[in-house]
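**Student:** I have a structure here, written as C-alpha cells, and I will follow up with some questions on it.
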Amino acid sequence: MKEKLMRLQAELEEKLSRAATPDAVEELRVRYLGKKGQLTDILHSMGSLSPEERPVIGELANRVRGAITEAINQKKASFERALRQKKLEAETLDITAPSEQIPEGGRHPIALVQEEIERIFISMGFTVEDGPEIETDHYNFTALNTPADHPARDTQDTFYITDDVLLRTQTSPVQIRVMEKTRPPIRMICPGRVYRSDAVDATHSPMFHQIEGLVVDRGITMGDLKGTLDLFAQKMFGAQTKTRFRPHHFPFTEPSAEVDVSCFVCGGDGCSLCKKEGWIEILGAGMVHPNVLRGCGLDPEVYTGFAFGLGLERIVMARYGVNDMRYLYENDVRFLRQFA
Ligand code: DAH
C-alpha cells in the first residue's frame, strides 16, 4: 500500500507537469482527489490493514494528499499568473508616447476687454446684469423717453421681427428692466450685443457690443458720474488718464454728455491712434431723465441717477491697435492667436 501511494504521487506529478491547460489540471484533481478519485479508493481499502500498519499508512496517505493538493494548486496558480502577465502585456500603455495634438483655444479680445471692464466696475460695487437681445419697442425706445415719433430713432434702425419686437439697438433697455425689478440703490453694468442696420466697414458692424452702466440712489449727482468715469478711465487706461465731457443729447438722460479719454498712446499730444486729437471718444453718459425714472415707478424728487453706455469694439481696437473692426468677427486664427 505504501508503494501504491508513492506511485500515485509520482504518477500525478508526472501528469501534472505535462498538463497544458487549467482544464487539464482540474481533470487531474477530480481524478486523484475527488470523491471517486484514486486516493479515496486507497483510503477506503485501509480497513484491511493491521492495527499497527494503519496509523503509519494513514499518516503517509495524509502527506501524499497534502503534497498532491499543493502541487495541483501551484500548477493552477502558475496558469493564473501566466494569464495575468499576458493580459498586462496586451494592455500596456506607453505614457511617454507623444499625445495627439489638441489645439488650444484662447479668449477673444472682445471677451478679454469685457472681463477687464467688468472687474473694474465690480471692484466699485457694481453688479453685472444681463438682458434680452430680442427686445420690445417699449423697452428699447419708449420707456427710454424715445416715443414713436422721436427723431433719435432714425439713427438706430434695426431688424424688426414684428412691428413691436426687434433686435435691441442698445443695451440701455436693461436699465428699465433692472429699475423695474430692483429698488435703489442700484449700481449695475450690463455688457451685451446690440444690432443696427449698418453696412460693414472698418468701423461699423450690424452687430457690436456695448456695456451699459446705471446708478440710481438718493442724492446721486453729476459729480458721482464724473468721479466714477474718471476712476474707471484711470484703472482702464492708466493713472495719468483724464476724461473730457462734451455736451450732447440722448433722449433718456438730461443733461447728457459724450465722454473722451486722453489718448493713452501719446498722452494727449496727438498721434495716429487719436488722429491728432489727443482724445479718444469712448462713451455716452448723463443723468437719468426724470421721465425714465417716473416710468419705472421711481419718484425723481427722491431718486436721481446717472447712466452711461460704452462701445466695446472701439476700446478693444484702441487697446490692441486693431485698425479694422472686421478682424474681430472674421475668426481668422492668425489674428486671434495673438491674444491667446
Ligand atoms: N444707448 C446709447 C447709444 O447706443 C449710449 C448711451 C448714452 C447710453 C448715454 C447711456 C447713456 O446709458 O446715458 O448710443
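**Student:** Could you check region 116-160 and list, in sequence order, the residues that are among the hydroxyl-bearing types (Ser, Thr, Tyr) and in a helix (DSSP H, G or I)?
**Tutor:** Initially, region 116-160 is screened for residues among the hydroxyl-bearing types (Ser, Thr, Tyr), giving 123, 127, 136, 139, 142, 146, 155, 158, 160.
Scanning region 116-160 gives Ser123, Tyr139, Thr142, Thr155.
**Student:** Of the residues in region 184-200, how many are open to solvent by 40 Å² or more (accessible area, probe 1.4 Å), away from the ligand (no atom under 12 Å from the Cβ) and either in contact with a Leu (Cβ under 9 Å, 6 or more places away or on another chain) or in contact (Cβ under 8 Å) with a residue 40 or more places away in the chain (or both)?
**Tutor:** Going through region 184-200 one residue at a time, the tally reaches 4.
**Student:** Additional query: Within region 115-145, track down each residue that is of a type in the set (Gly, Ala, Ser) and away from the ligand (no atom under 16 Å from the Cβ).
**Tutor:** Within region 115-145, the subset of a type in the set (Gly, Ala, Ser) is 123, 125, 131, 143.
Listed by number, the residues that qualify are Ser123, Gly125.
**Student:** Could you tell me whether region 201-218 includes any residue that is at pLDDT 95 or above, out of contact with any Asp or Glu (no Cβ under 7 Å at 6 or more places or on another chain), over 20 Å from Gln114 (Cα atoms) and not aliphatic (A, V, I, L, M)?
**Tutor:** yes
**Student:** Let me ask something else. Assuming Asp163 fulfils every condition listed in (1) farther than 27 Å from Glu116 by Cα; (2) out of contact with any helix residue (DSSP H, G or I) (no Cβ under 8 Å at 6 or more places or on another chain); (3) in a loop (DSSP other than H, G, I, E, B) apart from one, which condition is it?
**Tutor:** Just one mismatch for Asp163, condition (2).
**Student:** Residue under question is Glu104, and the condition is that it be loosely packed, with under 10 Cβ neighbours inside 10 Å, in contact (Cβ under 8 Å) with a residue 60 or more places away in the chain and not small (Gly, Ala, Ser); does it hold? First the steps, then the outcome.
**Tutor:** On the way: loosely packed, with under 10 Cβ neighbours inside 10 Å: yes; in contact (Cβ under 8 Å) with a residue 60 or more places away in the chain: yes; not small (Gly, Ala, Ser): yes.
For Glu104, the condition - loosely packed, with under 10 Cβ neighbours inside 10 Å, in contact (Cβ under 8 Å) with a residue 60 or more places away in the chain and not small (Gly, Ala, Ser) - is met.
**Student:** A further question on this structure: For region 35-52, what are the residues that are within 30 Å of Leu83 (Cβ to Cβ) and surrounded by 14 or more Cβ atoms within 10 Å (Cβ to Cβ)?
**Tutor:** The answer is Gly37, Gln38, Leu39.
**Student:** Residues that are without any contact (Cβ under 8 Å) to a residue 24 or more places away in the chain, within 16 Å of the ligand (Cβ to nearest atom) and surrounded by 17 or more Cβ atoms within 10 Å (Cβ to Cβ): list the strands (runs of 3 or more DSSP E) wholly contained in region 229-340 that include at least 3 such residues. Spell out how you get there, then give the answer.
**Tutor:** Working: elements: 243-250, 253-262, 279-288, 304-311.
The strands (runs of 3 or more DSSP E) meeting that bar number zero.
**Student:** Here are Arg84, Arg107: which of them is assigned to a helix (DSSP H, G or I) and within 42 Å of the chain's Cα centre (by Cα)?
**Tutor:** Values: Arg107 fails: assigned to a helix (DSSP H, G or I).
Of Arg84, Arg107, the one residue that is assigned to a helix (DSSP H, G or I) and within 42 Å of the chain's Cα centre (by Cα) is Arg84.
**Student:** Looking at region 146-172, which of the residues that are farther than 30 Å from Asn323 by Cα and open to solvent by less than 10 Å² (accessible area, probe 1.4 Å) is farthest from the ligand (Cβ to nearest atom)?
**Tutor:** Kept after step one, since they are farther than 30 Å from Asn323 by Cα, are these residues of region 146-172: 146-151, 160-166.
From what is left, the residues that are open to solvent by less than 10 Å² (accessible area, probe 1.4 Å) are 146, 166.
Details: Thr146: 10, Leu166: 14 Å.
Checking each candidate, the answer is Leu166.
**Student:** Test Arg177 against the criterion of being within 10 Å of the ligand (Cβ to nearest atom) and either open to solvent by 40 Å² or more (accessible area, probe 1.4 Å) or out of contact with any Lys or Arg (no Cβ under 7 Å at 6 or more places or on another chain) (or both), and give yes or no.
**Tutor:** Working: within 10 Å of the ligand (Cβ to nearest atom): no; either open to solvent by 40 Å² or more (accessible area, probe 1.4 Å) or out of contact with any Lys or Arg (no Cβ under 7 Å at 6 or more places or on another chain) (or both): yes.
Considered against the rule, which asks whether it is within 10 Å of the ligand (Cβ to nearest atom) and either open to solvent by 40 Å² or more (accessible area, probe 1.4 Å) or out of contact with any Lys or Arg (no Cβ under 7 Å at 6 or more places or on another chain) (or both), Arg177 comes out as no.
**Student:** In this structure, does Pro55 turn out to be more than 60 Å from the chain's Cα centre (by Cα) and surrounded by 10 or more Cβ atoms within 10 Å (Cβ to Cβ)? I'd like the intermediate steps shown before the answer.
**Tutor:** Values: more than 60 Å from the chain's Cα centre (by Cα): yes; surrounded by 10 or more Cβ atoms within 10 Å (Cβ to Cβ): yes.
Yes.
**Student:** When you look at Thr92, is it outside any helix (DSSP H, G or I) and either of a type outside the set (D, E, K, R) or buried (at least 16 other Cβ atoms within 10 Å of the Cβ) (or both), yes or no?
**Tutor:** Values: outside any helix (DSSP H, G or I): yes; either of a type outside the set (D, E, K, R) or buried (at least 16 other Cβ atoms within 10 Å of the Cβ) (or both): yes.
Spelling it out, Thr92 is indeed outside any helix (DSSP H, G or I) and either of a type outside the set (D, E, K, R) or buried (at least 16 other Cβ atoms within 10 Å of the Cβ) (or both).
**Student:** Determine the pairs where a residue that is in contact (Cβ under 8 Å) with a residue 40 or more places away in the chain, located within region 73-95, has a partner that is surrounded by fewer than 10 Cβ atoms within 10 Å (Cβ to Cβ) with Cβ atoms under 8 Å apart, the partner being 6 or more residues away or on another chain.
**Tutor:** Phe79/Thr21
The values are calculated or read from the model by the stated rules, or taken from the named source; none is laboratory data. As the structure is a prediction and not an experimental result, all values here were calculated from the model. All Cβ positions, glycine included, derive from the backbone under ideal geometry; neighbour counts span all protein chains shown. These area figures cover heavy atoms from the full protein model, side chains too; ligands, DNA and RNA do not enter into them. Shrake-Rupley method; radii C 1.70, N 1.55, O 1.52, S 1.80 Å.
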